[in-house]
Ligand SMILES: [Ca+2]
Ligand SMILES: [Ca+2]
C-alpha cells in the first residue's frame, strides 16, 4: 500500500514536471518566417487554440433552422498529415438572410511583428463546396477581410499577406488583436449554398528577419494604455 502511494506521488510529480516542461517549452518558443506561430492544428481536438483562445461556430440567425454551420474533427483516408483537421458543414440556403462560419478569439495578442496568415483548405467532393469564402481579421474596433479563391477538393496551402486584406488596414491596432474569422459562408455570394469545407494548420507568419518571442505576443494590458 505504502509503495502504491509513493508510486502515485512520484507519478504526479513526474506528470506535473512534464506539464511544466511542456509549458516552458511553449514559453521559450521563438517564431520566425520559417518557424511560424501555429494557432490551430486541430490535432488535440480542443475547444481552445494553441494560445488558449476560445473558438466556435456562429450563425447570423440561430433561430433559423434552414441555415447552420456545424464543426467536427476529421481524420479520413487522405492522410494529408498525421493528425486531425476541422470539418465544417454549412447551409446558407434559407428563405431568410443567412451567413455563418467560425470565429477564433485572439485574446489581445500582438501581431505587429507578423505580416501574413496561412492555412490549408479543401472542399468536399461528395457534399459539394463553394470554391471561395471570406476570412476576416479584427482588432477591438476595425475589421479587414479577404476572399480565399480557387478552392478545390485537394488540400491547398493559402498564405495571405495582411497587406492584401481589404479595408482600413492602417487603422488596425496589430498590438491588440481581437479575433480571426477563418471562414464566412454567405448566402448572397454563394452559388453552392450547402456544402462541406475542411481547414487545417492555421498559422501566423512573422515578418522576414524578425525573431518573435512567445511571451511578447501574449496580451499585455500596458499595450492597451499606449494605443
Ligand atoms: Ca491537423
Ligand atoms: Ca437550408
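The values are calculated or read from the model by the stated rules, or taken from the named source; none is laboratory data. Please read these numbers as outputs of a predicted model, since none were measured by experiment. A quick note on method: Cβ atoms are made from the backbone with ideal geometry, for glycine too, and the neighbour counts reach across all protein chains shown.
Taking residue 97, is it in the same structural domain as residue 210 (by TED's automatic domain parsing), surrounded by fewer than 22 Cβ atoms within 10 Å (Cβ to Cβ), in contact (Cβ under 8 Å) with a residue 60 or more places away in the chain and in a strand (DSSP E or B)?
no
Could you please let me know if residue 75 is in contact with a strand residue (DSSP E or B) (Cβ under 9 Å, 6 or more places away or on another chain) and free of Cβ contacts under 8 Å to residues at least 24 places away in the same chain?
yes
May I ask you to list the residues in the stretch 37-69 that are over 15 Å from residue 106 (Cβ atoms) and more than 16 Å from ligand 2 (Cβ to nearest atom)?
41, 42, 43, 44, 45, 46, 47, 58
Given (1) away from ligand 1 (no atom under 16 Å from the Cβ); (2) within 19 Å of the chain's Cα centre (by Cα); (3) loosely packed, with under 15 Cβ neighbours inside 10 Å, where does residue 156 come up short, assuming only one miss?
Every listed condition holds for residue 156 apart from (1).
Okay, residues lined up against (1) farther than 23 Å from residue 158 by Cβ; (2) more than 16 Å from ligand 1 (Cβ to nearest atom); (3) crowded, with 19+ Cβ neighbours inside 10 Å:
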position: 179; (1), (2), (3): no, yes, no
position: 191; (1), (2), (3): no, yes, no
position: 198; (1), (2), (3): no, no, yes
position: 202; (1), (2), (3): no, no, yes
position: 207; (1), (2), (3): no, yes, no
position: 210; (1), (2), (3): no, yes, no
position: 220; (1), (2), (3): yes, yes, no
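In the list 106, 88, which residue meets the criterion of being buried (at least 19 other Cβ atoms within 10 Å of the Cβ), within 16 Å of ligand 2 (Cβ to nearest atom) and part of a strand (DSSP E or B)?
Within the list 106, 88, the selection yields 88.
Condition check: modelled with pLDDT of 95 or more and either in the same structural domain as residue 190 (by TED's automatic domain parsing) or surrounded by fewer than 17 Cβ atoms within 10 Å (Cβ to Cβ) (or both). Does residue 71 satisfy that?
Spelling it out, residue 71 is indeed modelled with pLDDT of 95 or more and either in the same structural domain as residue 190 (by TED's automatic domain parsing) or surrounded by fewer than 17 Cβ atoms within 10 Å (Cβ to Cβ) (or both).
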